[in-house]
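This report concerns only the one structure given below.
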Amino acid sequence: MEDTRGVEEKQSVEIPEITPHKKQETLEEILSRHRKEITQLQNNEVALKKAAAKGSKAEQKAKKKQVEEEISRLSAKLKEKHAEELASFGYSSNNGKEKGNLDTLVRAIAGVSVTGQTDQSKPSKSVKRREKRAQEEAAREQRIQEEQSKIVSDRMIESEKLESKLEPLGLTVNEIKPDGHCLYSAVEDQLALISGGTSPYTFQELREMVAAYMRKHSSDFIPFFLSENVADGAYDDSPAERFENYCREVESTAAWGGQLELGALTHCLKKHIMIFSGSFPDVEMGKEYKTDGTGSSNSSIMLSYHRHAFGLGEHYNSVVPV
């Protein structure tokens, strides 16, 4: 019995606790650290899920549930810790007081006194710029806090629904790092699986292929690009120039890939792509590539789309046989 318990202890998933931060910090430093802590928790979740994908099917399921429950607990704990730290700067999420507290937080970030002021002079342009940047930063932080408050249940519901789709098909999710390249890295993982070895393209080469294809077939993409990027104001450059800037971002940055890029990928690779989701109906792209032109079946690329997996951003993983 002692040996059995020892094995179980080794297989259990250990997640490092988040310790309180003792150093005296400015509010800008605190907000920056909050983002880093959220990212660290997300990266830990990916690593732990990969580590849990070992052993029998029953063991994998038990360890996966353990990871999700522990990550949910830590997410809630991290949110509470962040809220307490922000409260010391005049911010709280008490009902009916959000706007006033957010204004206080914005002014604090901008370096403007939050105590009563008798000076009614017009603020300088530099103060206005700082306040605008602070408003954007504080609004983003608030969105993260709000998202974190509901992400626990949403993530678990989405994961369970996706698992119920994949399990009868003998499929499971292979976690991909959430670094902005996830769509291309997931496709790279799928190409390696299909080839039985190494992918013929790296994620960076796939980015370059997508950008080149979109440029060559710009008339097919620009209308959808414009509909997804509605302007808040007038642009000095033309739609064609804006689309070219978008293509440059696709090939040279970590810009997240979506529907447009998936459309280009299916044609670049001449592959049928299946996207499973626990939040939306499954999507098929490139049905014409299900066969290779000779009537023989053509291996499909299988991905999973996650709306609630990692904070505010959508995410793609690779779907592989169990």
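The values are calculated or read from the model by the stated rules, or taken from the named source; none is laboratory data. On a predicted model such as this, the values are computed, not experimentally measured, just so you know. Virtual Cβ from ideal backbone geometry, glycine too; neighbours counted across all protein chains shown.
Summary of computed values
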item	result
Total residues in the stretch 190-209, condition closer than 20 Å to Asn298 by Cα and buried (at least 22 other Cβ atoms within 10 Å of the Cβ)	2
The one condition in (1) closer than 30 Å to Tyr316 by Cβ; (2) at pLDDT below 80 that Lys77 fails to fulfil	(2)
Condition check for Phe224: within 23 Å of Leu269 (Cβ to Cβ), modelled with pLDDT under 95 and aromatic (Phe, Trp, Tyr)	yes
Per-region count, the stretch 47-71, residues within 22 Å of the chain's Cα centre (by Cα) and in a helix (DSSP H, G or I)	14
Residues of the stretch 262-277 classified as at negative phi and among the basic types (Lys, Arg), total	1
Glu205 vs. criteria charged (D, E, K, R), within 20 Å of Val319 (Cα to Cα), without any contact (Cβ under 8 Å) to a residue 24 or more places away in the chain and in a helix (DSSP H, G or I)	no
Cross-chain or 6+ apart pairs with Cβ under 6 Å, the stretch 304-322 first and of a type in the set (Val, Ile, Thr), then modelled with pLDDT of 90 or more and exposed (fewer than 15 other Cβ atoms within 10 Å of the Cβ)	Val322/Gly170
Residue list for the stretch 281-321, restricted to those being at pLDDT below 90 and closer than 30 Å to Asn43 by Cα	Arg307, His308, Ala309, Phe310, Gly311, Leu312, Gly313, Glu314
When residues of the stretch 168-202 are limited to those that are under 18 Å from Lys49 (Cα atoms) and outside any loop (DSSP other than H, G, I, E, B), the one farthest from the chain's Cα centre (by Cα)	Leu171
Any hit, the stretch 236-255, residues being at pLDDT 90 or above, hydrophobic (A, V, I, L, M, F, W, C), in a loop (DSSP other than H, G, I, E, B) and under 21 Å from Ser304 (Cβ atoms)	yes
